[in-house]
Amino acid sequence: MMDSRNKLKMMIVTALFAAIIGIMAQLTIPLPLVPITGQTLAVGLAATILGSRYGTISVLVYLAMGAVGMPVFSGMSSGLGVIFGPTGGFLIGFIPTAFITGYYMERTSFKLPNAIIANILGMFVALAFGTVWLKFIAELSWTAAIMAGFVPFLIGGFIKAFLAAWAGIMVRGRLLTNRLLLA
């Protein structure tokens, strides 16, 4: 059972990762319908470092902050209009992305090869959610949705998956060593 001190540590670290996702969302390369952002890297980091439960909670806190009006989404935007707009599928897709990435890490081991696999799986989950959402919200054909919501993000997605895996394993190790994270 987790004592109150450890619970507080995990709440603080989880909130910190929600803020990191919001900060990384501001690193943007604009594209016509969906921009390339740093938030996918941050979601991968959160899941790799915190695991499925706390990684997913950090994404939920991030989405709640944006839903209530804090400008944490790409381009300092916020609100339910963003969540239910063309990019909303990617935002909603971060929930299963964080869970699946963290779950894979927990079921295998927190080692770099597993982290790379987990983050690549997570990338595909986010892209799939985003592409399906984009197809219906923007009323696109499947080909147009795939060309707008999937293909442009593959190379960057692989790069971000590798970076999240590498940095996540390093940071997780240091946080565990300094007892700032529960194993």
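The values are calculated or read from the model by the stated rules, or taken from the named source; none is laboratory data. As the structure is a prediction and not an experimental result, all values here were calculated from the model. Please note: Cβ atoms are built from the backbone with ideal geometry, for glycine as well, and neighbour counts cover all protein chains shown.
Observations on the structure shown:
- Each residue in region 79-96 was checked for being over 17 Å from Pro35 (Cβ atoms) and under 14 Å from the mean Cα position of the chain (by Cα), and 2 of them qualify.
- Only listed residue being of a type in the set (Gly, Ala, Ser), buried (at least 16 other Cβ atoms within 10 Å of the Cβ), within 15 Å of the chain's Cα centre (by Cα) and more than 30 Å from Thr177 (Cα to Cα), chosen from Gly38, Gly66: Gly66
- Within region 115-126, the residues that satisfy the criterion of being crowded, with 23+ Cβ neighbours inside 10 Å and either under 22 Å from Ile83 (Cβ atoms) or of a type outside the set (A, V, I, L, M) (or both) are Asn119, Gly122, Met123, Ala126.
- Being touching a Phe, Trp or Tyr at 6+ places or on another chain (Cβ under 7 Å), surrounded by fewer than 24 Cβ atoms within 10 Å (Cβ to Cβ) and part of a helix (DSSP H, G or I) is true of Val82.
- When Gly173, Gly168, Gly102 are checked against the criterion of being in a helix (DSSP H, G or I), modelled with pLDDT of 95 or more, closer than 19 Å to Arg53 by Cα and over 18 Å from the mean Cα position of the chain (by Cα), Gly173 stands alone in meeting it.
- A single member of Gly93, Gly22, Gly75 is touching a residue at least 40 places away in the same chain (Cβ under 8 Å), assigned to a helix (DSSP H, G or I) and touching a Ser or Thr at 6+ places or on another chain (Cβ under 7 Å), and it is Gly75.
- So Leu8, is it surrounded by fewer than 16 Cβ atoms within 10 Å (Cβ to Cβ), farther than 24 Å from Gly85 by Cα and modelled with pLDDT of 95 or more: no
- Filtered by the rule that a residue be buried (at least 18 other Cβ atoms within 10 Å of the Cβ) and among the small types (Gly, Ala, Ser), region 86-114 gives Gly88, Gly89, Gly93, Ala98, Gly102.
- Candidate set: region 1-19, residues that are in contact (Cβ under 8 Å) with a residue 12 or more places away in the chain and polar (S, T, N, Q); chosen: the one farthest from Phe73 (Cα to Cα): Asn6
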